[in-house]
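No value in this document is a laboratory result; all are computed from the given coordinates. These numbers come from a predicted model, not from an experiment. We place every Cβ from the backbone using ideal geometry, glycine too, and count neighbours over all the protein chains shown.
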Amino acid sequence: NDVLYGLNMNKWPATFLEYVGAHFAGKIILKLSNSEEELERVHKWEERKLLEAKSSVAQAEPTSFPAQGAWSRSRNRFPNRRDGGGQTGNLIG
């Protein structure tokens, strides 16, 4: 419960703060309005804010590539060969 361990909300992205607000609104909406339609509307809003927060974090991260499979890795055994190691440079074969 210290500012150095995540409670400094100024360091959080704005999209995440909006999601947190939507989450807590979903917790108290039935006590305030007593309406199932309002609860459903707030839950949809919360899901949208969560999606926005996740996408903004994903855009801030560097590009990542999936791990190379065994078949493609075996074709790239020789780093200077781009043809997969076949005999394309020799007419004899």
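Can you tally the net charge around residue 13? Count Lys and Arg as +1, Asp and Glu as -1, for every other residue whose Cβ sits under 11 Å from the Cβ of residue 13.
For residues surrounding residue 13, the net value is 0.
Please list, or write none, the lysines whose alpha carbon is within less than 16 Å of the alpha carbon of residue 44, excluding same-chain residues fewer than 8 places away.
Those lysines meeting the cut-off are 27, 54.
Would you mind checking the stretch 20-43 for residues with the amide N under 17 Å from a putative spin-label position 7 Å along Cα→C-beta of residue 51?
What the label zone holds, given the 17 Å backbone N cut-off, is 20, 22-23, 40-43.
Using 1/(1 + (r/R0)^6) with R0 = 25 angstrom and r between the beta carbons of residue 9 and residue 36, what's the FRET efficiency to the nearest 0.05?
That gives a FRET efficiency of 0.20.
At 7 Å along Cα-to-Cβ for each site, give me the label-to-label distance between residue 43 and residue 24 in nm.
Modelled inter-label distance: 2.2 nm.
Rg/Rh for the stretch 21-76 to two decimals, with Rh computed the Kirkwood way over all alpha-carbon pairs.
Rg/Rh: 1.42.
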